[in-house]
1. Does a label point 7 Å from the Cα of residue 140, set along Cα-to-beta-carbon, have any residues of the range 13-57 with amide nitrogen under 16 Å, and which are they?
2. Take the alpha carbon gyration tensor of the range 9-142, find the square roots of its eigenvalues, order them as a ≥ b ≥ c, and report rounded if a/c is under 1.5; if not, report prolate when a/b exceeds b/c, else oblate.
3. Non-local amide H neighbours of residue 180 (under 5 Å, H modeled in plane, Pro and chain starts lacking H): which ones?
4. Fewest Cβ neighbours within 10 Å first, please rank 172, 145, 85 accordingly.
5. Please check which bits of the range 95-124 a label hung off residue 5 would reach, taking the label as a point 7 Å along Cα-to-C-beta and the cut-off as backbone N under 20 Å.
6. Helix 21-34 versus the longest principal axis of the chain: what is the Cα-based angle in degrees, 0 to 90, to the nearest 10?
7. Three principal axis extents, largest first, for the C-alpha atoms of the range 90-129, in Å?
8. Against the longest principal axis of the chain, how steep is helix 98-107, in degrees 0 to 90 to the nearest 10, with axes from Cα atoms?
Amino acid sequence: MHAITNSGWIEVVTGSMFSGKTEELLRRLRRAEIAGQAVAVFKPAVDDRYGDATVGSHVGRQWEASVVESEDVWEIREGLDDQDIVAIDEANFFSTELLEVCQRLADDGRRVIVSGLDQTYRGEPFEPLPQLMAVAEYVDKLRAICAVCGEPATRNQRLVGGEPAHADDPTIVVGAEESYEARCRNCHILRRD
Ligand SMILES: Nc1ncnc2c1ncn2[C@@H]1O[C@H](COP(=O)(O)OP(=O)(O)O)[C@@H](O)[C@H]1O
Ligand SMILES: Cc1cn([C@H]2C[C@H](O)[C@@H](COP(=O)(O)O)O2)c(=O)[nH]c1=O
Ligand SMILES: [Zn+2]
């Protein structure tokens, strides 16, 4: 809680795939646990990569999480007791209503940590992250390493059969190394033919 105002706040951890968003979220949770603070962790049901009820990083670190359907975002607030910290991973899979939920949680006096992609595979803003970044007290934008040239990567290259994905493909496709690479602006390719 902010010492003077007694209010909660919102922290956003964002960036490309493989940039370390989940590792950073788990680092903050481990520190909170050491400080004796109670945490509640949530993830969207659509992301089943690391087993049903865990938040997992690309290098295998995990934390138990409650699974919430993307359209049931208010369940996050309804199911809470007196947890000091509410963490939400893969926020890019939730609707823009997540913005209101996070605002209410912070107004309730909680520390809210939200992690998620800021860009789709097309290189466009990935809602609701832009809205969350606008209202957050703290924003950290992380960069991965471009899989082609080794420069800092801010973009997500989707690959279909090893080839760059087309702009008409669906926005939501769950996956990891088999279908995505971190790339810089220069090396990112979007097919429009
Ligand atoms: N291109 C890459 N750039 C940086 N880290 C990578 C890359 N590919 C794999 N990694 C690994 O992924 C880890 C980050 O995983 P994770 O926290 O799950 O990322 P995110 O949640 O942002 O997708 C890094 O510490 C590194 O070990
Ligand atoms: C770019 C992009 C990604 N996704 C999916 C792919 C993964 O399941 C998650 C991102 O996971 P990470 O922990 O950040 O590595 O999002 C998608 O559905 N659509 C996209 O455009
Ligand atoms: Zn590059």
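Each reported figure results from applying straightforward, stated rules to the coordinates on display, with no laboratory input. It should be emphasised that the depicted structure is a prediction, and the values quoted were computed from it without experimental measurement. As a convention, Cβ positions derive from the backbone with ideal geometry for all residues, glycine included, and neighbour counts pool all protein chains shown.
1. Output list for this probe position: 13-35, 57.
2. Rounded shape, in that the Cα axes give a/c under 1.5.
3. 159
4. 172, 145, 85
5. Inside the label zone: 99-114.
6. 20 degrees
7. The Cα atoms of the range 90-129 stretch 36, 16, 12 Å along their principal axes.
8. Taking the Cα atoms of the chain, the angle to 98-107 is about 30 degrees.
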